[in-house]
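The values are calculated or read from the model by the stated rules, or taken from the named source; none is laboratory data. These numbers come from a predicted model, not from an experiment. Cβ sites come from the backbone with ideal geometry, for glycine too, and all protein chains shown count toward neighbours. Heavy atoms of the whole protein, side chains included, go into the accessibility calculation; ligands, DNA and RNA do not. Shrake-Rupley method; radii C 1.70, N 1.55, O 1.52, S 1.80 Å.
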Amino acid sequence: MENLAQNIINGLMMGGIYALIVLGLSIIFGVMNVVNFAHGDFVMLSMYGTFLVATWLNWDAIATPLITFPVMFLVGVITYYILIQPTLREKYVMQIAVTVGLQYLFRALTQIAFKASPRALNFSIIQGNIEIGGLTILSSRLISFAVSLLVIFAVYIFLSKSWAGKAIRAASDDLDVASLVGVNYHRTYAITFGLGTGLTAVAGGLLMTFQQVGPLMGMSFGLLSWVVLAMAGLGSTSGVLISGLIVGVAESLAIAYWDPRARLLVVYMLFILVLWIKPRGLFGRK
Amino acid sequence: MRYQLTPKTIFLTIGLLLALILPLLFGKNQYTTLLATNVLLYATLGTAWNIIGGMGGQFDLSAGAYLGIGSFVVGTLLIRFGFSPWITMFLGALIAVGLSLMVGLPLFRFKVREVWYALASAALVEVLRVLFIMWEEVGGATERFLPMYYDDFSKFTHMRFSSYVPYYYILLAMLIFAYLVNVRIRKTRLGYSLLALSEEEDAAAVLGVNVRLSKIKALMTYAFIVGLVGGVDVCIKGNLHASSFNAVQSTEVAILGIVGGIGITHGPLLAALFMVSIRELLRAQLGGGMEGLYMVIYAVVLILIAIFRPDGIAGILESIYNRIKPKISEENNGRLSDA
């Protein structure tokens, strides 16, 4: 019983970070209807960014988003203007093609820069564990979880309260009407894309406190985020959070009670199940 | 109907003749032959993809799944019982078709489409990979080797040649088969249905296209060809491992379909010729020092084509041809078309 509780807690902690990653994808797909197959590779890039900043400046991984967030935001904005904007009016196939190309590019560039060997950082200051009633909680996971929740909440507030956030939501509801009332949609889209990729910088910083990074990691993150997004449906921040947690727990239980190799199997089975039963997701708004 | 000699058929015939005599020129060089075999392998996969992905507009990423099934059926039956791949490759292809039915029926029934279909098909490859790693009796974590044969007769009956040239011809035959299937489908009701539903699925359904049936037929045809190729692929490689369920390779097949020109029958063929040879050459030239550089070039080509030339390499070649055509017809005074 304790074992079960322990595994569920571990899953929840990881699920929080997943939710943070997926929130970025959800904003990009939900608002712009752009199919971004490179999202997982943005996470991978952020993790390498974290690694670089942390080793050069001797910072702790948890502090690096202060630098990597603006950088990834900029990378996102540039990506939008160069690659995404020309394919906005094309079929989704072309967006997949462009983002798959981007995926290859990121993977190849990190492979050239860092070789194929995985990188990891020294122990973060938030290392250690907390014991509560026989349950062990790694404090790095706990703090990562808390930061994820905070950032998700902050994004939620940003989207619902600030002018830029309202513009983003207006553009997602009806682009033409939003343009009529004075929303510059190219700028809004660029900000949206930047925000989506910027969020991966926070996730990357959190992940690097307890994980290593390799050039091929992007693919599993990418598929995983789409699975969570399928479950969450579009336009619901809390849906993303809950779905992230569900996937995290499912993964953790699969590792503990079935087979460590079955981790992805369970996630994809959930995905197929959701596609069959609720094609609009469990929490979808539209 | 009178048969017309279009430039396309002329080029294709020249290409085919070249392909037929190519091993006579390079046959001694095993590396070059392997490279050419690889091009043919990808061209066949891409041409098969064109049925579901190009004509049908379903962005399928599950080539690795059917390829792996074909490989495992042929490989396992050869290792365990010594069955001839010449027969078992058809069994493997049929099992791949069965799998495509299992996957396609529910997905199309529940109207899983566009990006969600792409993701579901990509997930299928990963699921099968993990399942075969966990299934110790057949797959497992370590690779299994196909038996070697030492007399020419067994080499032939078990498709375990010591040169790449026979494989080259087998795959060439498969490419021609895949191409003819494409051309045939294009001219039948199924082809028109697929083209219609790839534009606008709901509108096609309203106009009386049986969307689900057309998609499932296309998927089955695709799975059959890819399954066949999988059976040959395992004999070329000589070993059997769950990594045959390769997600990256599945993506590459779809990329060939896009780079060649979506829905153009000879597109994947041109793309494979162009992209796979570039990749293999760069890999051979730069392999040691600049790992990954070929991927940069691959990525840039893909991005440029997606943004600037959505009609792909086939489209580019066609516009080049159209630019030089006036000169040719002037010289002939239009006699070619009269003849």
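Couple of notes before you dig in:
- If you go through the range B:115-164 and keep only what is among the aromatic types (Phe, Trp, Tyr) and within 14 Å of another protein chain (Cβ to nearest Cβ), you end up with B:TRP116, B:TYR117, B:PHE132, B:TRP135.
- Residues in the range B:66-92 that are crowded, with 24+ Cβ neighbours inside 10 Å, among the aliphatic types (A, V, I, L, M) and farther than 26 Å from A:LEU264 by Cα: B:VAL74, B:MET89.
- Of all residues in the range B:93-110, those satisfying the criterion of being closer than 23 Å to A:ILE277 by Cβ, open to solvent by less than 30 Å² (accessible area, probe 1.4 Å) and away from every other protein chain (no Cβ under 12 Å) are B:LEU99, B:SER100, B:GLY104.
- Listed by first and then second residue, the pairs with beta-carbon distance under 8 Å, at least 6 apart or on different chains, first residue in the range B:171-194 and open to solvent by 20 Å² or more (accessible area, probe 1.4 Å), second not in a helix (DSSP H, G or I), are B:TYR179/B:THR265; B:TYR179/B:HIS266; B:VAL183/B:THR265; B:ARG186/B:THR265.
- Single residue of the range A:4-41 satisfying the filter (open to solvent by 10 Å² or more (accessible area, probe 1.4 Å) and assigned to a loop (DSSP other than H, G, I, E, B)) that is nearest to A:TYR92 (Cα to Cα): A:ASN33
- One residue stands out among those in the range A:80-104 that are aromatic (Phe, Trp, Tyr) and surrounded by fewer than 23 Cβ atoms within 10 Å (Cβ to Cβ): the one that is farthest from A:ALA38 (Cα to Cα), which is A:TYR81.
- Qualifying residue in the range A:230-242 (condition: without any contact (Cβ under 8 Å) to a residue 60 or more places away in the chain, crowded, with 17+ Cβ neighbours inside 10 Å, out of contact with any helix residue (DSSP H, G or I) (no Cβ under 8 Å at 6 or more places or on another chain) and not aliphatic (A, V, I, L, M)): yes
- Look at (1) under 30 Å from B:GLU143 (Cβ atoms); (2) at pLDDT below 90 and you find that B:GLY315 fails only one, number (1).
- Of the helices (runs of 4 or more DSSP H) that lie entirely inside the range B:142-206, those containing 2 or more residues that are within 22 Å of the chain's Cα centre (by Cα) span B:165-187, B:189-199.
For (1) of a type in the set (Lys, Arg); (2) more than 18 Å from A:PHE221 (Cβ to Cβ); (3) in contact with a strand residue (DSSP E or B) (Cβ under 7 Å, 6 or more places away or on another chain), each residue gets a yes or a no:
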{"site": "A:LEU102", "(1), (2), (3)": "no, no, no"}
{"site": "A:LYS115", "(1), (2), (3)": "yes, yes, no"}
{"site": "A:GLY128", "(1), (2), (3)": "no, yes, no"}
{"site": "A:ILE132", "(1), (2), (3)": "no, yes, no"}
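- One residue stands out in the range B:113-168 among those that are under 15 Å from A:ASP259 (Cβ atoms) and small (Gly, Ala, Ser): the one that is most open to solvent (accessible area, probe 1.4 Å), namely B:ALA141.
- Applying the criterion of being in contact with a Ser or Thr (Cβ under 8 Å, 6 or more places away or on another chain) and either of a type in the set (Val, Ile, Thr) or in contact (Cβ under 8 Å) with a residue 12 or more places away in the chain (or both) to the residues of the range A:92-104, the residue that is nearest to the other protein chains (Cβ to nearest Cβ) is A:VAL98.
- Of the residues in the range A:116-134, at least one is within 30 Å of B:VAL253 (Cα to Cα) and within 14 Å of chain B (Cβ to nearest Cβ).
Listed here are the residues, each with its yes/no results for (1) of a type outside the set (S, T, N, Q); (2) under 19 Å from A:TYR189 (Cβ atoms); (3) part of a loop (DSSP other than H, G, I, E, B).
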{"residue": "A:LEU74", "(1), (2), (3)": "yes, yes, no"}
{"residue": "A:GLN103", "(1), (2), (3)": "no, no, no"}
{"residue": "A:LEU109", "(1), (2), (3)": "yes, no, no"}
{"residue": "A:ILE130", "(1), (2), (3)": "yes, no, no"}
{"residue": "A:THR136", "(1), (2), (3)": "no, no, no"}
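- Test: A:ARG107 is modelled with pLDDT of 80 or more, within 9 Å of chain B (Cβ to nearest Cβ) and within 22 Å of the chain's Cα centre (by Cα): yes
- Lone qualifier among A:PHE283, A:PHE271, A:PHE221 - being at negative phi, in contact (Cβ under 8 Å) with a residue 12 or more places away in the chain, surrounded by fewer than 21 Cβ atoms within 10 Å (Cβ to Cβ) and among the aromatic types (Phe, Trp, Tyr): A:PHE283
- Of all the criteria given as (1) in contact with a Gly (Cβ under 6 Å, 6 or more places away or on another chain); (2) within 10 Å of chain B (Cβ to nearest Cβ); (3) not basic (Lys, Arg), the one not satisfied by A:SER252 is (2).
- Some residue of the range B:42-61 being open to solvent by 10 Å² or more (accessible area, probe 1.4 Å), in a helix (DSSP H, G or I) and at pLDDT 90 or above: yes
- Of everything listed in (1) at pLDDT below 75; (2) at the interface with chain A (Cβ under 9 Å from one of its Cβ atoms); (3) open to solvent by 60 Å² or more (accessible area, probe 1.4 Å), the single unmet condition for B:GLU331 is (2).
- Test: residue in the range B:240-258 that is in contact with a strand residue (DSSP E or B) (Cβ under 8 Å, 6 or more places away or on another chain), open to solvent by 10 Å² or more (accessible area, probe 1.4 Å) and away from every other protein chain (no Cβ under 14 Å): yes
- Scanning the range A:127-135 turns up one or more residues that are within 24 Å of A:TRP56 (Cα to Cα) and either touching a Phe, Trp or Tyr at 6+ places or on another chain (Cβ under 9 Å) or open to solvent by 40 Å² or more (accessible area, probe 1.4 Å) (or both).
- Sole exception among (1) at pLDDT 85 or above; (2) open to solvent by 20 Å² or more (accessible area, probe 1.4 Å); (3) in a helix (DSSP H, G or I) for A:THR50, by number: (2)
- The helices (runs of 4 or more DSSP H) found wholly in the range A:140-214 and carrying at least 2 residues that are modelled with pLDDT of 85 or more occupy A:185-207.
- Among residues of the range A:148-166 being closer than 18 Å to A:GLY198 by Cα and free of Cβ contacts under 8 Å to residues at least 60 places away in the same chain, the one that is surrounded by the most Cβ atoms within 10 Å (Cβ to Cβ) is A:GLY165.
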